[in-house]
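Undergrad: Can you keep this structure in mind? I'll have questions shortly.
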Amino acid sequence: VLSVVAAIFLPLGFLTGLFGINVGGMPGVESAIAFWIIVGLCVAIAVGLLVYFRMKKWI
């Protein structure tokens, strides 16, 4: 169960860590909607992984 939980949060942690650094040239810095696109992407990944793991009967 712990491995399944880790597998769900690993890509989310990667995305938040990648977009949490303060460097110039990050995609979406000037866009007002970029934050919501990233949030939507994180939610979609989490839901997709939950559905996949349910279909495989791992959770």
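Undergrad: Which of the trypsin sites (Lys or Arg not before Pro) found in region 9-58 are in a DSSP loop and have at most 11 neighbouring Cβ atoms, other than their own, within 10 Å?
TA: 56, 57
Undergrad: Could you tell me which chymotrypsin sites (Phe, Trp or Tyr not before Pro) in the chain are loop residues by DSSP with no more than 14 other beta carbons within 10 angstrom of their beta carbon?
TA: 58
Undergrad: Rg/Rh for region 2-55: what does it come to with C-alpha atoms and Rh from Kirkwood?
TA: Rg/Rh for region 2-55 comes to 1.06.
Undergrad: Right, next: Does anyone have the angle between helix 34-55 and the longest principal axis of the chain? Alpha-carbon axes, 0 to 90°, nearest 10?
TA: 10
Undergrad: Could you check the spin-label model distance between residue 42 and residue 26? Points 7 Å from the Cα along Cα→Cβ, value in nm.
TA: 1.2
Undergrad: Measure nothing fancy, just the Cα-based angle from helix 2-20's long axis to the longest principal axis of the chain, in degrees from 0 to 90, nearest 10.
TA: The helix 2-20 is inclined about 0 degrees to the chain.
Undergrad: Grab the DSSP H runs of the chain that are 4 residues or longer, score each as -39,500 (n - 2.57), total them, divide by all residues and round the 222 nm result to the nearest 500 deg cm²/dmol.
TA: -24000 deg cm²/dmol
Read the figures in this text as sums done on the coordinates, not as results from a lab. Remember, it's a predicted structure, so these values are computed and weren't measured experimentally. With ideal geometry, Cβ positions are generated from the backbone for all residues, glycine too; neighbour counts draw on all protein chains shown.
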